[in-house]
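Asks: Please see the structure below; I have some questions.
The values are calculated or read from the model by the stated rules, or taken from the named source; none is laboratory data. Since we're looking at a predicted model, the values are computed, not measured. In this analysis, Cβ positions are derived from the backbone assuming ideal geometry, glycine residues included, and neighbour counts consider all displayed protein chains.
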Amino acid sequence: MATKTENNTSSTAAASKNNTAKTAASNTNPDSNMDQNMKNSSLHKFFVDALKDIYYAEDAIVDALQKMQDAATTEELKDAFEDHQLQTKKHVSRLEKVFKLIGETPEKKECKAIVGIIQEGEEIIKSTEEGSMTRDAALIIAAQKVEHYEIATYGGLAQLAITMGHEKAADLLEKTLQEEEETDLLLTDIAEMSINFDAEQED
Ligand SMILES: [Fe+2]
Ligand SMILES: [Fe+2]
């Protein structure tokens, strides 16, 4: 028994240095026990920066979806934008929870990509006729560009959260990812059901 303990102690000591980086990942409650070393790592800083970027983006998307909802021609598309606006408000509050889970304060950082994508949507509203199906066909593509930006971001951040041992944060990011993917598919369905065909019939 004594020998066994001694062997285990020496092997534990030898492995402890190598396992330092894995501590958070193997911890049963990693979100609340993250050590200072991890918080100072380049990857953690990048992760927090990326969260600030998508936090800014989600907030901007809430306003953009309102404009798109007001501009859309069909009730079906208006409803889809309205539903996703409600989901987007949840995405904002989920991100606030993610910040807290990793011991950071929610903060926004301008996301130039989403500013550009939203601007493109506003140009579409200006350049298409009110009440036309062409406007809806174009708005769907603009909205899908937003969704794809979000899908890329949440897909990557959820994976990073898993790698860094932030399991609860990863679950929240994955939940949002799933809603973005469902919205993207719904928009494709709406376009293909009738809007694209009706737009094609317009002068
Ligand atoms: Fe979102
Ligand atoms: Fe979205």
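Asks: Take the residues in the stretch 107-120 that are under 30 Å from residue 202 (Cα atoms) and within 16 Å of ligand 1 (Cβ to nearest atom), then tell me which one is surrounded by the most Cβ atoms within 10 Å (Cβ to Cβ).
Replies: The qualifying residue surrounded by the most Cβ atoms within 10 Å (Cβ to Cβ) is 118.
Asks: Being free of Cβ contacts under 8 Å to residues at least 24 places away in the same chain and among the basic types (Lys, Arg) narrows it down to one of 39, 67, 52, 45, so name that one.
Replies: 45 is the lone residue from the list that is free of Cβ contacts under 8 Å to residues at least 24 places away in the same chain and among the basic types (Lys, Arg).
Asks: Look through the stretch 60-84, keep the residues that are within 12 Å of ligand 2 (Cβ to nearest atom) and within 30 Å of residue 105 (Cα to Cα), and return whichever of them is surrounded by the most Cβ atoms within 10 Å (Cβ to Cβ).
Replies: 61
Asks: Got a number for residues in the stretch 121-178 being under 26 Å from residue 48 (Cα atoms), surrounded by fewer than 20 Cβ atoms within 10 Å (Cβ to Cβ), aliphatic (A, V, I, L, M) and more than 13 Å from ligand 2 (Cβ to nearest atom)?
Replies: 2
Asks: Sticking with this one: Do the conditions hold for residue 129, that is, is it in a loop (DSSP other than H, G, I, E, B), without any contact (Cβ under 8 Å) to a residue 24 or more places away in the chain and over 19 Å from residue 187 (Cβ atoms)?
Replies: yes
Asks: Pairs please, first residue from the stretch 172-199 and under 30 Å from residue 96 (Cβ atoms) and assigned by TED's automatic domain parsing to the domain that holds residue 72, second anywhere and within 12 Å of ligand 1 (Cβ to nearest atom) and of a type in the set (Ser, Thr, Tyr), Cβ atoms under 6 Å, 6+ apart in sequence or on different chains.
Replies: From the stretch 172-199, the pairs are 173/154; 176/154; 177/154.
Asks: Among (1) free of Cβ contacts under 8 Å to residues at least 60 places away in the same chain; (2) away from ligand 2 (no atom under 16 Å from the Cβ), which single condition is residue 109 missing?
Replies: Among (1) free of Cβ contacts under 8 Å to residues at least 60 places away in the same chain; (2) away from ligand 2 (no atom under 16 Å from the Cβ), the lone unmet condition for residue 109 is (1).
Asks: Still on this structure: Name the helices (runs of 4 or more DSSP H) wholly within the stretch 30-106 that hold at least 1 residues that are more than 16 Å from ligand 1 (Cβ to nearest atom), assigned by TED's automatic domain parsing to the domain that holds residue 125 and under 25 Å from residue 190 (Cα atoms)?
Replies: 42-71, 75-101
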